[in-house]
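> I have a structure here, written as structure tokens, and I will follow up with some questions on it.
The values are calculated or read from the model by the stated rules, or taken from the named source; none is laboratory data. Remember, it's a predicted structure, so these values are computed and weren't measured experimentally. So basically every Cβ, Gly included, is an ideal-geometry build from the backbone, and we count neighbours across all protein chains shown. Just the protein is used for accessible areas: all its heavy atoms, side chains included, with ligands, DNA and RNA removed. Shrake-Rupley method; radii C 1.70, N 1.55, O 1.52, S 1.80 Å.
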Amino acid sequence: MANEEIRVRGTVQGVGFRPTVYRLAKAYGLCGDVCNDGEGVLIRVSGSEEALTEFVARLQTECPPLAKINELTRTPYKGEFNFNNFVISSSVNSAIKTEVVPDAATCPECQQEIFDPFSRFYRYPFTNCTHCGPRLSIIRAIPYDRCNTSMSAFVMCPECGKEYHDVENRRFHAQPVACYTCGPTAWLERADGKSVTASMFSMLDDVDAVCSLLQKGEIVAIKGLGGIHLACDATQETVVQKLRQRKKRYHKPLALMARDIEIIEQYCIVNAKEKELLTSSAAPIVLLQVTGKKVVAPSVASGQNILGFMLPYTPLHHLILRRMNRPIVLTSGNLADEPQCIDNDEAREKLGKIADYLLFHNREIINRVDDSVVRVIGDKVQTIRRARGYAPTPISLPPGFHKIPQILAMGSELKNTFCLLREGEAILSQHLGDLENAAAFNTYQETLNLYLNLFEHKPEVIAIDKHPEYLSSKFGKELAETNQIKIHHIQHHHAHIAACMAENGIPLDSPPVLGIALDGLGYGDDSTLWGGEFLLADYRKFKRLATFKPVAMLGGEQAIYQPWRNTYTQLVAANLWDDCEQKYTDLEIVQFLKNKPLKLLNQLIDKGINSPLASSVGRLFDAVAAAIGIYRDECSYEGQAAIAMEAIVDVSSLNNDKETLIYPFSFSFSDSIYCIDPRPMWQALLDDLQQQIPQSVIAAKFHKGLANAIVEMVKHLSQENLINQIALTGGVFQNCILLDQVTKGLQALGIKVLTHSLVPANDGGLSLGQAVITAAQLIHEC
């Protein structure tokens, strides 16, 4: 007989792991115990060598659905062994090295119970088990025990207690377990304060009443898992428009939820990979191509050929949609750009003038968690927003990063996440939004404080973006000064590239990759704004090999929301404005620009007044979109014009290999750096406009031309540098067409292409890059 201590690290708490250990130990006649502690799960066990070996093997193959074993170690147990049976022991408080589990969508067994009239969970909106339900959204501290969650307010009834303590039951130690007798309750309120009566509509209960309200064209605020949403019938244009006006979200696409896959397939094409994502425990919003069979209200996603769908992921949502045979809008419960409401009183105040009714419950949401957004490109998942269902699952770091100090990376200004680095893994926060909004910045600080406490993380170094005005960077400096912590300033695009390298498992000591980082803008090492960069980079340092021609951002931030400004500065920089006034004077874009105060604008450009130079490919997309009449005058969010232009691309032109269907770019070399100049592209585009070539064809020619220019630049750089791998990163590479065209072009050269999947290519992944660069620099210093 052998006595062993088996240490299991990973996602092993709150997921039914201990019952699995118990069941297998009993099956092999082993003695000992299993418990949760700060490092994960600890097993002390006694039995024959053969039984122990088979026990460990089955433990890894029969892992519960939500569990993930990152590390399992076996050592001889030297202490006293006083067990004559196998038991589950109480949790042990110790240094925290375990994981917090993401919230998980309702499992099939719980779904069946809420619709079974003979089940005690029939129509109970908060049904859950060890395989599903709230986790991150309700947790205050580790270990993940009921007393450390918002479920501590609800004392289990005898029946729930019996299931909770029954090791053979699916709800064994399911911390949020509850029922009608002892658990949270949901209720409906009118926004005008008047009472809700059963006579108003036929209903089984308040949750069922929400379906009737949605069908009637009402807007309902629904408190869910990680926040409160605003819902309405997605097929009624009048109510969707009303929601947009009240919410002040005038153009951004709205998320949709449908009862089942069959309903989604009436509106969108759903392939096997997309179906797998929709039905997964993460249950993200999946961006899908529309079919044209049935259409939602035009205002749901104006000017786009994709819709963002998700399936119900809580019993509450399943019950609401039981009788709903069409999609609903389910968008975050907030005014535009503010954080999602999570508190009942806050919702009454802020959403009372948006929603007609409010469906509340009394289970406190501790952590605000937005819905995740993903897209399938080819056969690979691209994460657009990493939040519910994915965060805060740690990302394992590549070889070389296992012995590192604790690091805190503060992230970016927009689409912010922060990152905690420790012992070979990165813990990224959920998506926290744009910090320029005061409420979002407050949420950022609160969430950071919670994570630091939750994971007992005491950073020795703080990493920040080099941009001096980023609120995340300023806050990082404050923390560093207050706590006397060393600070590292990380260049924006280097961080993008390092994040892509890290999630693709590139070891610390690997030779440099060529990173191509295309985005809106980031602060460059020369104190100008970069956004179209070719950097030869490893984790510690980089060399800027090439860029796009810098062009003034006329009016600074105004250029993001008024695309015509970019068109004008591009034409001026290309020395084509005189031609526009003479040869192309009848063009709509030229007439539009001539009505602007050009004399004043030229002075701003010439004197550099609020018109910083930027090599931004994001602004180049805006400029082309405005030139062909897409959101020329104004956008309500960054990238709106570019996204709309991608949606209209003519597929036949895209798939045609004729050189006449590819816009040309030129190349130059000065000051030890190559430069891509779009001047020839603009000349050809103006000619096409004059010949009245359709928007869709021009859009295709631009995408193909840009991709071709990027690939040609790589050919140039490959002659002077050893390039075996290329990382494609930055928000511009969320454009599926550009990503596909560039990837294929590079692969044809025999170069391995690295792209994002686990973290967003946009600034949502920036904190991971900041963290690994800092770690690499610290290791090098040692």
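> Quick check on my filter: what residues within the range 365-388 are among the polar types (S, T, N, Q) and within 25 Å of F126 (Cβ to Cβ)?
N367, S372
> Looking only at residues in the range 522-568 that are closer than 13 Å to L620 by Cα and basic (K, R), which one is surrounded by the fewest Cβ atoms within 10 Å (Cβ to Cβ)?
Restricting to residues being closer than 13 Å to L620 by Cα and basic (K, R), the top hit is K549.
> Whether any residue in the range 607-622 is touching a residue at least 60 places away in the same chain (Cβ under 8 Å), in contact with an Asp or Glu (Cβ under 6 Å, 6 or more places away or on another chain) and surrounded by 12 or more Cβ atoms within 10 Å (Cβ to Cβ) is what I want to check.
Checked against the condition, which is being touching a residue at least 60 places away in the same chain (Cβ under 8 Å), in contact with an Asp or Glu (Cβ under 6 Å, 6 or more places away or on another chain) and surrounded by 12 or more Cβ atoms within 10 Å (Cβ to Cβ), the range 607-622 yields at least one hit.
> Oh, and also: Can you tell me which of (1) in contact with a Lys or Arg (Cβ under 8 Å, 6 or more places away or on another chain); (2) modelled with pLDDT under 95 is the one S152 doesn't meet?
The single condition S152 does not satisfy is (2).
> Which residue out of A283, A272, A297, A234 is within 22 Å of the chain's Cα centre (by Cα), open to solvent by less than 20 Å² (accessible area, probe 1.4 Å) and at pLDDT 95 or above?
A283 is the lone residue from the list that is within 22 Å of the chain's Cα centre (by Cα), open to solvent by less than 20 Å² (accessible area, probe 1.4 Å) and at pLDDT 95 or above.
> Looking at the range 99-115, is at least one residue out of contact with any strand residue (DSSP E or B) (no Cβ under 8 Å at 6 or more places or on another chain), open to solvent by less than 60 Å² (accessible area, probe 1.4 Å) and assigned to a loop (DSSP other than H, G, I, E, B)?
Yes, there is a match, as at least one residue in the range 99-115 is out of contact with any strand residue (DSSP E or B) (no Cβ under 8 Å at 6 or more places or on another chain), open to solvent by less than 60 Å² (accessible area, probe 1.4 Å) and assigned to a loop (DSSP other than H, G, I, E, B).
> Taking A641 as the residue in question, decide whether it is within 18 Å of P694 (Cβ to Cβ), open to solvent by less than 30 Å² (accessible area, probe 1.4 Å) and hydrophobic (A, V, I, L, M, F, W, C).
On the way: within 18 Å of P694 (Cβ to Cβ): yes; open to solvent by less than 30 Å² (accessible area, probe 1.4 Å): yes; hydrophobic (A, V, I, L, M, F, W, C): yes.
Against the criterion (within 18 Å of P694 (Cβ to Cβ), open to solvent by less than 30 Å² (accessible area, probe 1.4 Å) and hydrophobic (A, V, I, L, M, F, W, C)), A641 qualifies.
> Still on this structure: Evaluate the following for I698: is it in contact (Cβ under 8 Å) with a residue 12 or more places away in the chain, of a type in the set (A, V, I, L, M, F, W, C), open to solvent by less than 10 Å² (accessible area, probe 1.4 Å) and within 18 Å of I516 (Cα to Cα)? Can you show your working first?
Numbers: in contact (Cβ under 8 Å) with a residue 12 or more places away in the chain: yes; of a type in the set (A, V, I, L, M, F, W, C): yes; open to solvent by less than 10 Å² (accessible area, probe 1.4 Å): yes; within 18 Å of I516 (Cα to Cα): no.
So I698 fails the test.
> Before we move on, is P327 crowded, with 19+ Cβ neighbours inside 10 Å and closer than 27 Å to A438 by Cα?
no
> Still on this model: Kindly check whether there is at least one residue in the range 168-178 that is over 20 Å from V34 (Cβ atoms), open to solvent by 40 Å² or more (accessible area, probe 1.4 Å) and touching a residue at least 24 places away in the same chain (Cβ under 8 Å). Explain how you work it out, then say what you get.
Looking only at the range 168-178, we keep the residues that are over 20 Å from V34 (Cβ atoms), and these are 176, 178.
Narrowing the set further to residues that are open to solvent by 40 Å² or more (accessible area, probe 1.4 Å) leaves none.
Checked against the condition, which is being over 20 Å from V34 (Cβ atoms), open to solvent by 40 Å² or more (accessible area, probe 1.4 Å) and touching a residue at least 24 places away in the same chain (Cβ under 8 Å), the range 168-178 yields no hits at all.
> Restricting the range 574-584 to residues that are in contact with a Lys or Arg (Cβ under 8 Å, 6 or more places away or on another chain) and of a type outside the set (D, E, K, R), which is most open to solvent (accessible area, probe 1.4 Å)?
N575
> Here's a follow-up. May I ask you to list the residues in the range 396-426 that are part of a strand (DSSP E or B) and open to solvent by less than 10 Å² (accessible area, probe 1.4 Å)?
Keep residues of the range 396-426 that are part of a strand (DSSP E or B), which gives 396, 407-409, 416, 419-422, 425-426.
Those that are part of a strand (DSSP E or B) and open to solvent by less than 10 Å² (accessible area, probe 1.4 Å): I407, L408, A409, N416, C419, L420, L421, A426.
This table checks each residue for (1) more than 24 Å from the chain's Cα centre (by Cα); (2) on the phi > 0 side of the Ramachandran plot; (3) of a type in the set (S, T, Y).
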{"site": "I320", "(1), (2), (3)": "yes, no, no"}
{"site": "P327", "(1), (2), (3)": "no, no, no"}
{"site": "S332", "(1), (2), (3)": "no, no, yes"}
{"site": "Y357", "(1), (2), (3)": "yes, no, yes"}
{"site": "D370", "(1), (2), (3)": "no, no, no"}
{"site": "V381", "(1), (2), (3)": "no, no, no"}
{"site": "A387", "(1), (2), (3)": "no, no, no"}
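> Quick test of your reading of the structure: L571 fulfils all but one of (1) buried (at least 19 other Cβ atoms within 10 Å of the Cβ); (2) under 21 Å from N762 (Cα atoms); (3) in contact with a Cys (Cβ under 8 Å, 6 or more places away or on another chain). Name the failing condition by number.
Condition (2) is where L571 drops out.
> Read through the list (1) surrounded by 24 or more Cβ atoms within 10 Å (Cβ to Cβ); (2) out of contact with any Gly (no Cβ under 6 Å at 6 or more places or on another chain); (3) over 22 Å from I306 (Cβ atoms); (4) not acidic (D, E), then give the number of the only condition that V742 fails.
(3)
> Another question, if that's okay. Answer yes or no as to whether K466 is out of contact with any strand residue (DSSP E or B) (no Cβ under 7 Å at 6 or more places or on another chain), over 30 Å from I285 (Cα atoms) and touching a residue at least 24 places away in the same chain (Cβ under 8 Å). If you could, list the steps in order and put the result at the bottom.
Values: out of contact with any strand residue (DSSP E or B) (no Cβ under 7 Å at 6 or more places or on another chain): no; over 30 Å from I285 (Cα atoms): yes; touching a residue at least 24 places away in the same chain (Cβ under 8 Å): yes.
Spelling it out, it is not the case that K466 is out of contact with any strand residue (DSSP E or B) (no Cβ under 7 Å at 6 or more places or on another chain), over 30 Å from I285 (Cα atoms) and touching a residue at least 24 places away in the same chain (Cβ under 8 Å).
> When the residues of the range 447-473 are filtered to those that are in contact with a Phe, Trp or Tyr (Cβ under 6 Å, 6 or more places away or on another chain) and among the hydrophobic types (A, V, I, L, M, F, W, C), which remaining residue is least open to solvent (accessible area, probe 1.4 Å)?
L448
> Tell me which residues, restricted to the range 335-351, are open to solvent by 10 Å² or more (accessible area, probe 1.4 Å) and modelled with pLDDT of 95 or more. Let's see the steps before the verdict.
Within the range 335-351, the first condition is being open to solvent by 10 Å² or more (accessible area, probe 1.4 Å), and the residues that meet it are 335-339, 342-346, 348-350.
Once the filter is applied, which keeps residues that are open to solvent by 10 Å² or more (accessible area, probe 1.4 Å) and modelled with pLDDT of 95 or more, the range 335-351 yields I342, D343, N344, D345, E346, R348, E349, K350.
> Could you grab the pairs with beta carbons closer than 8 Å, sequence gap of 6+ or different chains, first residue in the range 131-160 and farther than 15 Å from D103 by Cα and outside any helix (DSSP H, G or I), second one aliphatic (A, V, I, L, M) and modelled with pLDDT of 95 or more?
F154/A178; M156/V177; M156/A178
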